[in-house]
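Trainee: Have a look at this one.
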Amino acid sequence: NNIASDGMKRLAAALKVNQSVQELHMGENCMGNDGAKSFADALTANTALQMISLYGNNIGDEGAQCLATSFKENQNLRVIWLHENKIGNDGAQSLVDALQCNHVIEKLFLLGNRITNRSVENEIQDLLADFAGRKRQAQDAQRVLAAEQQEEDAIVSSNDNGGDTTAKDEEIA
């Protein structure tokens, strides 16, 4: 296809508004870091994509870092193919950070990159293997937020009544 970074910019603009595409296969399109940046920008707005394949696109650390930032915000992606790119240790560390924030990514394929730090590779594998734990952690956090919101709503409701029970007392009497 060879749409390169300019074509990726146009596609990214469309992805920001198109909320129906769930899978996107963009392998071997020479998008490079610039195309990855555009794609990452689109991912922050897109809530439909669940699987992306960006293999063989000459994406390096800079592009991986941009994508990782978008993975922190996009809580819909489940499967990400980034194999056969030029991602090194810095880009891989950014992906670790993203996985720690994103509790819905189930699979992340990185074979054939330039990652030499085995501890970063192992951390990625451990985080992916603990998908159930990450998901449970996210659900627990949502429950806590919901309970806090209910408590805040109750306080606001109490304050709206002004704490004045005189009117209610007069009704009862």
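The values are calculated or read from the model by the stated rules, or taken from the named source; none is laboratory data. Model, not experiment: these values are computed from the prediction. All Cβ positions, even for glycine, are placed from backbone atoms using ideal geometry, and neighbour counts span all protein chains on display. Please note that ligands, DNA and RNA were not included when accessible areas were found on the heavy atoms of the full protein model with its side chains. Shrake-Rupley method; radii C 1.70, N 1.55, O 1.52, S 1.80 Å.
Trainee: Which residues, taken from the range 13-45, are open to solvent by less than 30 Å² (accessible area, probe 1.4 Å), of a type in the set (A, V, I, L, M) and over 13 Å from G63 (Cβ atoms)?
Mentor: Across the range 13-45, the qualifying residues are L15, L24, A42.
Trainee: If E73 satisfies every condition in (1) within 16 Å of K16 (Cα to Cα); (2) over 10 Å from the mean Cα position of the chain (by Cα); (3) among the acidic types (D, E); (4) surrounded by fewer than 17 Cβ atoms within 10 Å (Cβ to Cβ) but one, which is the exception?
Mentor: Evaluating E73 over (1) within 16 Å of K16 (Cα to Cα); (2) over 10 Å from the mean Cα position of the chain (by Cα); (3) among the acidic types (D, E); (4) surrounded by fewer than 17 Cβ atoms within 10 Å (Cβ to Cβ) leaves (2) as the failure.
Trainee: Output the residues belonging to the range 80-112 that are open to solvent by less than 50 Å² (accessible area, probe 1.4 Å) and in contact with an Asp or Glu (Cβ under 6 Å, 6 or more places away or on another chain).
Mentor: Passing the criteria: G88, G91, V96, G112.
Rundown of residues vs (1) among the β-branched types (V, I, T); (2) closer than 20 Å to L11 by Cα; (3) out of contact with any Phe, Trp or Tyr (no Cβ under 9 Å at 6 or more places or on another chain), yes/no style:
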| position | (1), (2), (3) |
| --- | --- |
| K72 | no, no, yes |
| E84 | no, no, no |
| L108 | no, no, no |
| G112 | no, no, no |
| T116 | yes, no, yes |
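Trainee: Right, something else. Collect the residues in the range 113-137 that are of a type in the set (V, I, T) and open to solvent by 30 Å² or more (accessible area, probe 1.4 Å), keeping them in residue-number order.
Mentor: Passing the criteria: only T116.
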